[in-house]
Amino acid sequence: AQSVAQPEDQVNVAEGNPLTVKCTYSVSGNPYLFWYVQYPNRGLQFLLKYITGDNLVKGSYGFEAEFNKSQTSFHLKKPSALVSDSALYFCAVRPPDSNYQLIWGAGTKLIIKP
Amino acid sequence: DTGVSQNPRHKITKRGQNVTFRCDPISEHNRLYWYRQTLGQGPEFLTYFQNEAQLEKSRLLSDRFSAERPKGSFSTLEIQRTEQGDSAMYLCASSLAQGSEQYFGPGTRLTVT
């Protein structure tokens, strides 16, 4: 079965330190990969996506993500965390044979401490 | 604001009542999606429209749920005979084309008492 795993329920980082939120997937072929962020009582906001090309993609708010095909991973990163980055982060994957389907991870709560 | 909008933002209803939610997508987006999200979980796909055509409906969705997009613009999601298990955040999203990212509205939080 196709799936997306976010192995950490919560990640704690001190402000100013680099952060990584992990995502691995089990989808055949070459899927499209996405990261979304959700602030409390808000809808999801698109951060970045990978379709093809450079394995390092840059997105909103200084976030970037690295695609690793051999490890089927798409980890979200930021060089220097801000307290305002504290939120819930979701990884999502669209299988290549789907027009619409997104397979979602369970989410990782990111807490940035001052 | 030209983003996706949803109304109402909050709805409290008694078990057995019908509720209807509205979603207005980004104007040039021809694809529209409905999801349900419960606390601590990722979104669960409900249904998908391309223009006015409903192309897919989750098998997890009971017959009490119905969605329309009559003119290919706004969409409504109706839940008939609500149950306590229907309590969740209902999210709407839209996108421009296959492969493009989905843009989400703020959601409608439904509480069934």
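The values are calculated or read from the model by the stated rules, or taken from the named source; none is laboratory data. From a predicted model like this one, the values you see are computed outputs, not experimental measurements. Don't worry about glycine lacking a Cβ; one is built from the backbone with ideal geometry, like all the others, and counts go over all protein chains shown. Accessible surface is based on the protein model in full, side chains and every heavy atom, while ligands, DNA and RNA are left aside. Shrake-Rupley method; radii C 1.70, N 1.55, O 1.52, S 1.80 Å.
Taking the stretch B:5-44 as the region of interest, how many residues are in contact with a Gly (Cβ under 6 Å, 6 or more places away or on another chain) and at pLDDT below 95?
Of the residues in that region, 1 qualify.
For the stretch B:72-81, state whether one or more residues are within 23 Å of A:Q45 (Cα to Cα) and within 13 Å of chain A (Cβ to nearest Cβ).
Within the stretch B:72-81, not a single residue is within 23 Å of A:Q45 (Cα to Cα) and within 13 Å of chain A (Cβ to nearest Cβ).
Filter the stretch B:68-113 for residues that are exposed (fewer than 14 other Cβ atoms within 10 Å of the Cβ), within 16 Å of B:L32 (Cα to Cα) and charged (D, E, K, R) and give the result.
Those that are exposed (fewer than 14 other Cβ atoms within 10 Å of the Cβ), within 16 Å of B:L32 (Cα to Cα) and charged (D, E, K, R): B:K71, B:E78.
In the stretch A:61-98, what count of residues is obtained for those that are away from chain B (no Cβ under 11 Å), open to solvent by 30 Å² or more (accessible area, probe 1.4 Å) and not acidic (D, E)?
Qualifying residue count for the region: 15.
Could you list, in sequence order, all residues of the stretch A:13-26 that are outside any strand (DSSP E or B) and within 16 Å of the chain's Cα centre (by Cα)?
Residues of the stretch A:13-26 outside any strand (DSSP E or B): A:15-18, A:22-23.
Listed by number, the residues that qualify are A:P18, A:K22, A:C23.
Taking only the stretch A:84-114 into account, find how many residues are of a type in the set (V, I, T) and within 30 Å of B:A53 (Cβ to Cβ). Talk me through it step by step, then tell me what you get.
Kept after step one, since they are of a type in the set (V, I, T), are these residues of the stretch A:84-114: A:93, A:103, A:108, A:111-112.
Okay, now just the ones that are also within 30 Å of B:A53 (Cβ to Cβ), so A:93, A:103.
Residues meeting the conditions: 2.
So, of the residues in the stretch A:56-82 that are more than 20 Å from A:N12 (Cβ to Cβ) and polar (S, T, N, Q), which turns out to be nearest to the chain's Cα centre (by Cα)?
Filtering the stretch A:56-82 for residues that are more than 20 Å from A:N12 (Cβ to Cβ) and polar (S, T, N, Q), the one nearest to the chain's Cα centre (by Cα) comes out as A:S73.
Being surrounded by fewer than 16 Cβ atoms within 10 Å (Cβ to Cβ), free of Cβ contacts under 8 Å to residues at least 24 places away in the same chain and more than 28 Å from A:V4 (Cα to Cα) is true for just one of B:R59, B:R64, B:R15, B:R22. Which residue is that?
Working: B:R59 fails: more than 28 Å from A:V4 (Cα to Cα); B:R15 fails: free of Cβ contacts under 8 Å to residues at least 24 places away in the same chain; B:R22 fails: free of Cβ contacts under 8 Å to residues at least 24 places away in the same chain.
Step by step, each of B:R59, B:R64, B:R15, B:R22 is checked, and only B:R64 is surrounded by fewer than 16 Cβ atoms within 10 Å (Cβ to Cβ), free of Cβ contacts under 8 Å to residues at least 24 places away in the same chain and more than 28 Å from A:V4 (Cα to Cα).
Identify the single condition in (1) open to solvent by 10 Å² or more (accessible area, probe 1.4 Å); (2) within 12 Å of chain A (Cβ to nearest Cβ); (3) in contact with a Ser or Thr (Cβ under 7 Å, 6 or more places away or on another chain) that B:W34 does not satisfy, given that it satisfies every other one.
(1)
For the stretch B:37-52, which residues satisfy the criterion of being touching a Lys or Arg at 6+ places or on another chain (Cβ under 8 Å) and open to solvent by 20 Å² or more (accessible area, probe 1.4 Å)?
From the stretch B:37-52, those touching a Lys or Arg at 6+ places or on another chain (Cβ under 8 Å) are B:43-44, B:46-52; that's our starting set.
Answer for the stretch B:37-52, where residues must be touching a Lys or Arg at 6+ places or on another chain (Cβ under 8 Å) and open to solvent by 20 Å² or more (accessible area, probe 1.4 Å): B:E44, B:Q50, B:N51, B:E52.
Only one of these is basic (K, R), within 25 Å of B:L91 (Cα to Cα) and out of contact with any His (no Cβ under 9 Å at 6 or more places or on another chain): A:K49, A:K22, A:K78. Name it. Quick ask: steps written out before the conclusion?
On the way: A:K22 fails: out of contact with any His (no Cβ under 9 Å at 6 or more places or on another chain); A:K78 fails: within 25 Å of B:L91 (Cα to Cα).
Unique residue meeting the criteria: A:K49.
Within the stretch A:5-32, can you find the residues that are at pLDDT below 95 and open to solvent by less than 40 Å² (accessible area, probe 1.4 Å)?
Within the stretch A:5-32, A:V27, A:P31 meet the criteria.
May I ask you to say which residue of A:G43, A:G53 is under 28 Å from B:A53 (Cα atoms), over 13 Å from the mean Cα position of the chain (by Cα) and without any contact (Cβ under 8 Å) to a residue 12 or more places away in the chain?
Checking each option against the conditions leaves just A:G43.
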